[in-house]
1. How large is ³J(HN,Hα) for each residue in the stretch 56-72, as worked out from phi by the Karplus curve 6.51 cos²θ - 1.76 cosθ + 1.60 (θ = phi - 60°), to whole Hz, x for Gly and Pro?
2. Give me the number: length gained by fully extending Ala184 to Leu102, i.e. 0.36 nm times residue separation minus the C-alpha to C-alpha distance, one decimal in nm.
3. For a quick protection proxy, order the peptides 59-67, 216-224, 247-255 by their average other-Cβ count within 10 Å, most packed first.
4. Using amide H atoms built in the peptide plane, which far-off residues or other-chain residues are under 5 Å from Lys286 H to H?
5. Could you report the accessible area of Cys25 in Å², rounded to 10, computed with a 1.4 Å probe on the protein chains as they sit in the structure?
6. If each of Leu50 and Thr210 carries a label point 7 Å out from its Cα toward its Cβ, how far apart are those two points in nm?
Amino acid sequence: MDEGTPWRNLGTIGLRLLDLTVRYCLTFAITWAVATAALPADTDVPGTGLELFPFIGVPSILISSVYAVASTRTGMAFRLPLAGLLLLPTWLLLFQNFMALLVIPVLGQLLFALCVMRAPMPGPSRLRRRAAVALAALAALTGCGPYTYVETPTLDGITTAEAVGAWRCIEGTELILRTDGSAAITLLDGQDFDFDDGWRLSGTGNWKLTDNPAGGQRLRVTLTSRTASAVRQDAEVAGTLQEGPGPAPETYTWTFYMRRDTHRELQLYFLFGDPDSGSTYVMERKRAGAGTGAGEPTSSLPGRPGG
């Protein structure tokens, strides 16, 4: 390229970047259409790639664009490093129910890098140097936790009649949801980082189903009158209470997501501890005549309900 005509060069690069963006978006759309069609109908994952495009598609376009400007290589010497870089945005699919989506999106990223992406578009040397620095920064930022902001998978179409009833977890936890919107709570732990405080709440309150603009329903339970509190016995053993149990709140609100187990039975759950860990606190429906013995929901790890 003639470095004596920078504006013409930049105009050409701009058109090439636009072409790259269109090619990637088409590849992304086809990839996620195939991934969605290949999943079993009862798999609880985001219905389309649109929800994940800001976390996979946008970083991929930026990485591809900056790499294309910074690189002077051609052929596979250009495409193979790009393929490795485009695997970085897919790391969040390793978490939770996204595992079912992992293979096809990864293949889509590789397809774009190895076949669909056009040749590099090296700019002036000064621009290439700046692009190389930007590429390093993008690669580092892509690995710094976008999963924290991805909506947790949940269901649509849950009715009040389906949610009403008694729900339980291990160690005496019980949640009763009544048709009039009232709720009775027994020894329910805090969600997210509040779980690490070790307290468990009992009392009365209310509940309701809510719709989320990002998709799916939530079940919100609010404790309005605390009648008792306790400290989770395993918390000190597990080392989660570094400075003793945190003070139990007088009121509290839990936001439950919903999913179905392998028998298509409804489960209520929320994340506990560090949300990036994907640890789930699962409430299962209490059957008539069920006691606290056989058949009670079990914990995969001490102090970690569900999983």
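The values are calculated or read from the model by the stated rules, or taken from the named source; none is laboratory data. What you are looking at is a predicted structure, and each value in this text was computed from that prediction instead of being measured. Here the Cβ is made from the backbone with ideal geometry for all residues, glycine too, and neighbour counts use every protein chain on show. Quick note on the areas: whole protein, heavy atoms, side chains included, nothing else; ligands and nucleic acids left out. Shrake-Rupley method; radii C 1.70, N 1.55, O 1.52, S 1.80 Å.
1. Values, residue by residue: 10, x, 4, x, 5, 5, 5, 4, 4, 5, 5, 5, 5, 6, 7, 8, 10 Hz.
2. The span from Ala184 to Leu102 would gain 25.5 nm if fully extended.
3. Put in order of decreasing packing, that is 59-67, 216-224, 247-255.
4. Ala166, Trp167, Arg168
5. 50 Å²
6. Each label point lies 7 Å from its Cα, and together they span 2.2 nm.
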